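All remarks here apply to the structure that follows.
The values are calculated or read from the model by the stated rules, or taken from the named source; none is laboratory data. On a predicted model such as this, the values are computed, not experimentally measured, just so you know. Note: ideal-geometry Cβ built from the backbone for every residue, glycine included; neighbour counts use all protein chains shown.
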Amino acid sequence: MAKSTVIPFGPQHPVLPEPVHLDLVLEDEKVVEAIPRLGFVHRGLEKLVEKKDYNQYVFITERICGICSFGHSYGYSQCVEHLMDIEIPPRAEYLRGIWHELSRIHSHLLWLGLAADSFGYENLFMQCWKIRERVLDIFEKTTGGRVILSACNVGGTLYDISDEELAGISNTLDIVRDEYSHITGAFLKDNSVRSRLVDVGYLSKQQALDLSIVGPFARASNVNNDVRCLGIGAYGELAEFEPIMSEGGDCFARVEVRAKEVFQSIDIVKELIDKIPAGEIFVKPKGSPAEGAEASMRLEQPRGECYYYARGNGTKFLDRFRIRTPTSINIAGMVTALKGCELADVPMIILTIDPCISCTER
Amino acid sequence: MPKYTDKFEEIDKSKIGEMAKSKKDTSARFINLHATTLGEDLFQLTYSFTTDGTPTENYSVKVTSADAVPSISDTFMTAFFFENEIHDLFGINIEGIILDYKGDFYQVALDRPMARPSTDEDMYSVNRKNDANTPVKDVDAVEKGGDE
Amino acid sequence: MGSFKLGGISLKGMFSKPATKMYPTVVPEYFDRTAGHVENTDIKGCIMCGICSKRCPTSCITVDKDSGVWSINPFDCVSCGSCVRECPKDCLVMFNVYTAPATSKEPVVVKKPELTPEEKAAKAKADAEKAERIKAAKEAAAKKAAEKAQQDGE
């Protein structure tokens, strides 16, 4: 008869970027069930809406997470502009799109480095982060911050990028693409890496639809729910956009989807730089949100689809602001993918959903 | 740039199960469930769904803390996360969650923190549920108990 | 398929300069826009309106109009730049050097300087002229109201 043991995993673990706790129920090295536990980073940020008015709150939304920082300020600004019926100038939409796609490049490079570290390939980890430094230098040159940008606010963007700087960004991205293409060979074609990733943590398409998962986690199981296809903001101006999908459903497919999305984002940034119109970048918002007005908005962050909801009450403080981050929905998918795997594969599967626990438990 | 429109609709509390089943039949995707405090003991739950490529559909339900709200985690499994969160932060009773933490999901220090506006008293008073900062009164008794 | 896909880069890396810099021996070069710390560079021109204090998201600026004191707590500041943008007299400047580490969190205080005797005389003259103008405007308004009341009475 097989013996059942319970092994606690986390909250401190070398492979986890952020603290999450799982109780793994094992039978002789195979995981039968995994029960998650959260709450280590809960800061009560949704309650701060009572104290900070809608112009100051954008600096709080930036600091929810270090990796998806620009995405949250972008989503917040879009949602409150929708609530107050503010129309922002087109140049601001393009600038926000450029920063957001650069944010996606830096987030995927960070994640690829962590994935390499989790299966023991530290040299690859360092090479990925070395390339990421070029993107962070672009951020610092144009906005003043490497990770927390403070570039977006209700009504537009706060900094402008001149034409020489845009040409400089385009050249830097060519160098990034060149250096990065040497590294993708190590992820996608190396024998020892493939033996850790192929056929591990399989999730079928029907399971992915039942569990409503989002982001590259879902696109690797051939389920497309990319919000960029809806064409909101600067994404409506692209000539064409096809999300990258894969049919594998295992960890290798998820690594492949994210590795290829970096190339796609580089192309999107270069296209937006070519098409950017001249004009203003900021419209000062007047007044306050109306009483009882509600608005909701969705945005495609590096980890998946993020949903924002805002409600006004006639004063300059919002009544309620809600952020539903992609990892909150993907946790159920992670728990399902862990069933039936070996104990040594658990860190790899948890990392492939790209957990961002500080976003989940604001 | 196309303007993004989302829909808001108000439904009654008894129709929650019916709405969830009809969304599952049309293979819609579950997006979000959250609560808003509208008044002294009045909350509004908002369920959001979408069918591929369409704007979000938000359904709002008005409840009080005495109502027993049926859970939708039997139809949409991922909702267990949000229902536990609502129970911890707002104090609304939701029945039948498939993975129920019974109030221990976030381990918040105050009772139902988001159901009321915050006061200075909250920081410094006895309202705190489990205060890890209170020093242990009788250190010797604890040490002796541990040895045995 | 195969192994050692990173062999080329690793071998080259053994013979080239390291990618990191020896901080703090090597002084870092920051970009022009780097958000370091905020200082009030023109305390004489500051009108003590307090807008910077109201817009600050972390409430790290305190402005005292009566005593002419402006202070900022550099360890609470998050370098968002709101105060620099909102100042009507452009007194606040964001420098691109970060706040140095310290062993205690002290606020940085600047006080308005004492006025020289010529400036005091000029200020007294300007105040007197302003009081005269206000008095003349009030008398004109009162006269107009009295005339209007007389017309309505007829």
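Yes/no per residue for (1) surrounded by 15 or more Cβ atoms within 10 Å (Cβ to Cβ); (2) within 24 Å of A:Ile64 (Cβ to Cβ); (3) without any contact (Cβ under 8 Å) to a residue 24 or more places away in the chain:
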| site | (1), (2), (3) |
| --- | --- |
| C:Val27 | no, no, yes |
| C:Thr41 | no, no, no |
| C:Lys44 | no, no, no |
| C:Ser71 | yes, no, no |
| C:Leu92 | yes, no, no |
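With the requirement that a residue be crowded, with 17+ Cβ neighbours inside 10 Å and out of contact with any Gly (no Cβ under 8 Å at 6 or more places or on another chain), what does the range A:18-36 give you?
Passing the criteria: A:Glu18, A:Leu24, A:Leu26, A:Ala34, A:Pro36.
Out of all the residues in the range C:108-125, which are surrounded by 10 or more Cβ atoms within 10 Å (Cβ to Cβ) and closer than 17 Å to C:Met48 by Cβ?
C:Val108, C:Val109, C:Val110, C:Lys111, C:Lys112, C:Pro113, C:Leu115, C:Glu119, C:Lys123
In the range B:18-33, which residues are surrounded by 15 or more Cβ atoms within 10 Å (Cβ to Cβ) and modelled with pLDDT under 85?
B:Met19, B:Ala20, B:Lys23, B:Lys24, B:Ala28
Table: residues versus (1) more than 10 Å from chain B (Cβ to nearest Cβ); (2) in contact (Cβ under 8 Å) with a residue 60 or more places away in the chain; (3) not charged (D, E, K, R).
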| position | (1), (2), (3) |
| --- | --- |
| A:Asp267 | yes, no, no |
| A:Lys275 | yes, yes, no |
| A:Gly287 | yes, yes, yes |
| A:Ser296 | no, yes, yes |
| A:Pro302 | yes, yes, yes |
| A:Ala310 | yes, yes, yes |
| A:Lys316 | yes, yes, no |
| A:Arg324 | no, no, no |
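Could you check, for the range A:336-352, whether at least one of its residues is surrounded by 22 or more Cβ atoms within 10 Å (Cβ to Cβ) and within 14 Å of chain B (Cβ to nearest Cβ)?
yes
I'd like to know if the range A:146-153 contains one or more residues that are without any contact (Cβ under 8 Å) to a residue 60 or more places away in the chain and out of contact with any strand residue (DSSP E or B) (no Cβ under 9 Å at 6 or more places or on another chain).
Yes; the residues of the range A:146-153 include at least one that is without any contact (Cβ under 8 Å) to a residue 60 or more places away in the chain and out of contact with any strand residue (DSSP E or B) (no Cβ under 9 Å at 6 or more places or on another chain).
Kindly indicate the residue of the range B:60-87 that is crowded, with 19+ Cβ neighbours inside 10 Å, of a type outside the set (A, V, I, L, M) and at the interface with chain A (Cβ under 9 Å from one of its Cβ atoms) and also farthest from B:Ile31 (Cα to Cα) among those meeting that condition.
The selected residue is B:Glu85.
Among the residues of the range B:29-59, count how many are facing another protein chain (nearest Cβ under 10 Å) and more than 22 Å from the chain's Cα centre (by Cα).
4
Could you say which residue among A:Ala151, A:Ala167 is within 12 Å of chain C (Cβ to nearest Cβ) and under 30 Å from C:Cys80 (Cβ atoms)?
Of A:Ala151, A:Ala167, the one residue that is within 12 Å of chain C (Cβ to nearest Cβ) and under 30 Å from C:Cys80 (Cβ atoms) is A:Ala151.
Okay, residues lined up against (1) in contact (Cβ under 8 Å) with a residue 12 or more places away in the chain; (2) assigned to a helix (DSSP H, G or I); (3) surrounded by fewer than 22 Cβ atoms within 10 Å (Cβ to Cβ):
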| site | (1), (2), (3) |
| --- | --- |
| A:Ser170 | yes, yes, yes |
| A:His182 | no, yes, yes |
| A:Phe187 | yes, yes, no |
| A:Ser212 | yes, no, no |
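Please verify whether C:Ala102 is at negative phi, modelled with pLDDT of 85 or more and either among the small types (Gly, Ala, Ser) or loosely packed, with under 10 Cβ neighbours inside 10 Å (or both), treating the condition exactly as stated.
Against the criterion (at negative phi, modelled with pLDDT of 85 or more and either among the small types (Gly, Ala, Ser) or loosely packed, with under 10 Cβ neighbours inside 10 Å (or both)), C:Ala102 qualifies.
Please pick out the residue among A:Arg194, A:Arg254, A:Arg177 that is crowded, with 18+ Cβ neighbours inside 10 Å and among the basic types (Lys, Arg).
Just one listed residue meets the conditions, A:Arg254.
From the list A:Arg228, A:Arg196, which residue is within 14 Å of chain C (Cβ to nearest Cβ) and either assigned to a loop (DSSP other than H, G, I, E, B) or basic (Lys, Arg) (or both)?
A:Arg196
Can we say A:Asp137 is away from chain C (no Cβ under 13 Å) and over 22 Å from A:Leu197 (Cα atoms)?
No; evaluated as a whole, the condition is false for this residue.
Are there any helices (runs of 4 or more DSSP H) wholly within the range C:1-97 with 2 or more residues that are more than 30 Å from A:Gly185 (Cα to Cα), of a type in the set (D, E, K, R) and within 14 Å of chain A (Cβ to nearest Cβ), and if so which?
In the range C:1-97, C:51-55, C:82-86 are the helices (runs of 4 or more DSSP H) which contain 2 or more residues that are more than 30 Å from A:Gly185 (Cα to Cα), of a type in the set (D, E, K, R) and within 14 Å of chain A (Cβ to nearest Cβ).
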